[in-house]
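Input: a single structure, listed below in structure tokens.
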Amino acid sequence: MSKKIIPFVVAIIMSCLVMAVAAVFAFGGLVAAEKFGSSSAWSQPYNTAESMKVIDLTGDGQDELFIQNTSNVSVFDGAGNILWNFDYSTPKTTLGDVNNDGVEDIIVYHSGAGSAVDVISKGQAQTIAKSLSIGTPARNAVIRFPSGPQIVLGDSSGALLSVGTNGQTTWQNVFSSEEIRGMDDALVGGQMHVAVASHDGTVAVIDEQGNVIWQIRQEQLRRMRAFDLNGDGNSEVITGGEYGAFFIYSAVDGSVLFNQSLGQAVSEVRTVELNGDPSSREIVVGGKEGGVWAFSFDGVTAHQLWTGSLSDKVTEISGLDINEDGKEEAVLGDDLGKVAIFTEDGTRNNLPSHSSGITRIDIGKLGGERYVVIADYNQVEVTKVNFSSIPGFKFVPLLVGLIVSAVMLVIAAILASIPPKPELKVSFQDKSRESLEAERRMLKESIADVERLRKSGEMTGESYLARLKRLRADLAENETAFKTAGFQIRVETFKCPNCGGTLELGMDKCEYCGQVTLS
Amino acid sequence: MEVLLCGGGIAAIVVLVIFFYLLNTARKKVPAAGAIGKKNYAPLYISLADKPMSILQGMNRLKAEVQRTETAGDKWRWIPMLIFFAGIGLALIDGLLILLGYFSLVFSAGGLILWIAAIVMARSIRRSDSLDFSPRYEGLKHILYTLRDDLRPGSTFLGHLDLTGSMLPTKVARSAKDTQNRTTNYYRDEWLALKAKLYDGNVIRISAVQKSKKRASYTKRSRISGKYKMKPEKFKGTMQDLKVRIVVNPEMYQIGSSSTLSAGQNIGKYTVTALSTEGGIINLAASSPFEEVEHENILGVIQSAYSLLQRKAA
């Protein structure tokens, strides 16, 4: 192949490779210029929020912001003004319409005058039960059992107590000896039950009479949530362990549907509709060391979608369709105050950090606008999250590939235009017989000279062999020239089969490499 | 953060190395005329077995070809540097996107490929560079040109011009060790061998040899600190030997008295070290302490050897 063609061939091959990779990136949807940003609408001081929800609590059709910490329950309107607030001792709250007025009420389980339950309806607080035989509040939930709603309370010693909406105790259960860590409504055969879990790893589903349907024990627990992930009328109970065990149980019988060890304590579990496919729900899990995992549950089992990370303990997870593509993005906060958005494929986009750890994140409409509400250890901030992208950016790899390919072809053209460097070992040889014979005589004289120098000790070792090798090679070239010109010549040299050095015919051992030869 | 700083530092070093490599390619080093220090010449080996004018034309052609390759490469020396800056430009687009809040490495990847292409091109251009030809190359041309009309018609010059280097490992003639066990290598470089049948029937052989001496590097232990020190190799000197042998045509010449030329006599840079006229052959050996001897000096020695001949009466 001509030396002028080679650069073009290499350049064309390289260009094809570059364009193929560029096409994979462009048409595989692997490249996008997208960003998430946020701007603060308002913020209010509020420390260490434990519970927070954007919900209509006044019945005016507009959502308010409910928030609760270790000593207070407050509700802000859409503009950030306090509508009402109540102080409590170690309150735990849940939301639910217990007075059947069509408006969500705040149910406060607190330990003011003994253990008591208050219902705050449209800003009016009413104690419906007090001096209950249950300890320090840990969890509570309004469960809409088939016979009617009940308020189920769980304390820090593992005891459960259920009261009706009139405040009467309906059942009691000493569930465990450790703190209740999770309480959620769970469907079994379309009937509402309550799923409960305690810190010692006990998980159970209990019916409206307080009977345990099933109970299992696993490693110590940090989180438990129940969702009907596939809408079949039976919930799945999801647990996250103190040592990284992640389980999905069937709420029907407690059978394990999926489990995986995550390598760090599970600090939060939420469902987020990451892929926009309503036939499956995605579960986003946060770890104590900042690990983030996304799983998809298809009704039978789950599989891992991606993993990511934050800088510190994941404290809250929420889902919001920010770019309005029908898929929710997961908004996560950590204990260092970092807030990040994870997209469907696990790409992380940072939002502005907070000065203290994130405690709660919720999403909802306030004053007609969709906001992300972020509570940290000092304040609650309502932010507008937006999304922007550069249109057509996915085709940029093709453009870059074309530029690179063009440059490579230009380089090939330049290199092809440079003539090859001439050989620096040249021979000016007259092809006449007389000249060739004279050269042959001269070479033999030179070989004799070298032999004489070696005998006299003027030349030894490598130098002698190198000179001899060169002269013999010249002699071989001379013989070739003789043959090419068609003159008769008695061949006196041959090539060593091992090192290629030229030797005199008859030698039985190569002087240069020591190879035994037969000539 | 540490990982980011480390990665950034390594990337910056790589970019600087590429930049200076391409800058050195763009700015070709041309040694100043009369620059001090040993100069490297193109490693060249020429076998001679042709008529003088053919050899001279071939030598001119070879030099022109080397220069043409070099000139063709010189024209494009700045292109790799421009491609490098184009790569920087692409990477800056990514930087701008990142400043605007978008994350992109597409342009940087393109820039990286451009840098690799620039390095490949720079290497090819550097390969087209060649060292200057040794003055001995031009010297041989002068010798051949001077002797061109003295050659027997139809005959050729034979021999070689070896400019591959005087102190190659293959040119170590012998080695010797001193009392401190240090090795000194003696180099013998027969850089010119020439044989010709002359018009007057004489046969002349010229052999120019450069002899050099270099002490090899060695390790020495300090008597005070006990530390081992590496001593570099040391150039100990060089000299030039020239042998001229003329086989005289007895029908044409007789060898005259050698009183006009004797050992110890200076001819240009050479000093005659031995002279023999026995058996109808003039053997003249001369040596010079200079590292470089010009063609005039070699021709001068040949002329002196020829001056011993006396033409017989017809």
Past 31 Å, Cα to Cα: identify those pairs from A:LYS509/B:LYS231; A:LYS4/A:LYS425; A:LYS425/A:LYS495; A:LYS394/B:LYS28, in the order given. A:LYS509/B:LYS231; A:LYS394/B:LYS28
Viscosity 1.306 mPa s, temperature 10 °C, Stokes-Einstein D of the stretch B:135-311 from Kirkwood C-alpha radius, µm²/s: 87 µm²/s
Which value in Å does the Kirkwood hydrodynamic radius of the stretch A:218-372 take, with 1/r averaged over all unlike C-alpha pairs and then inverted? 15.6 Å
Could you state the angle between the C-alpha long axis of helix A:433-456 and the longest principal axis of the C-alpha atoms of chain A, as a value from 0 to 90 degrees rounded to the nearest 10? 80 degrees
Straight-distance crosslink candidates among aspartates and glutamates, where the alpha carbon sits under 17 Å from A:LYS431 and sequence neighbours closer than 8 are dropped: A:GLU439, A:ASP474, A:GLU477, A:GLU479, B:ASP50
Taking the square root of 5 times each eigenvalue of the Cα gyration tensor, what semi-axes in Å does the equivalent ellipsoid of the stretch A:1-55 have, largest first? 59, 12, 9
Euclidean distance between Cα centres, the stretch A:411-436 to the stretch A:234-279, Å: 76 Å
Beyond 19 Å, what share of the Cα-Cα pairs of the stretch B:210-272 is found? Please give it as a whole percent. 63 percent
Rounded to the nearest Å, what's the spacing between the alpha carbon centres of the stretch B:230-300 and the stretch B:136-194? Just the number, please. 14 Å
In whole Å, how far is the Cα centre of the stretch A:175-216 from that of the stretch A:331-369? 31 Å
Reach of A:LYS130 by Cα under 25 Å, taken over lysines that are not fewer than 8 positions away in the same chain: A:LYS92, A:LYS122
Count the lysine pairs in the stretch B:32-177 whose Cα atoms sit under 30 Å apart, keeping only pairs 8 or more residues apart in sequence or on different chains. 18
I'd like the orientation of helix A:5-27 relative to chain A: the angle between its Cα long axis and the longest Cα principal axis, in ° from 0 to 90, rounded to 10. 10 degrees
For chain B, what Kirkwood radius comes out of the mean inverse Cα-Cα distance, in Å? 24.7 Å
Near B:LYS269, which aspartates and glutamates are there with a Cα under 16 Å away, not counting those fewer than 8 places off in the same chain? B:ASP241, B:GLU291, B:GLU292, B:GLU294, B:GLU296
Going by alpha carbons, how many degrees (0 to 90, nearest 10) lie between the helix axis of B:52-74 and the longest principal axis of chain B? 10 degrees
Compactness of the protein assembly as shown, expressed as Rg and Dmax over alpha-carbon positions, Å: 47.7, 156
Taking N as the number of residues in the stretch A:1-130, the ratio of its alpha carbon radius of gyration to 2.2 N^0.38 Å works out to 2.14
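Taken together, the values in this text are just the output of simple stated rules run on the coordinates, not laboratory data. These numbers come from a predicted model, not from an experiment.
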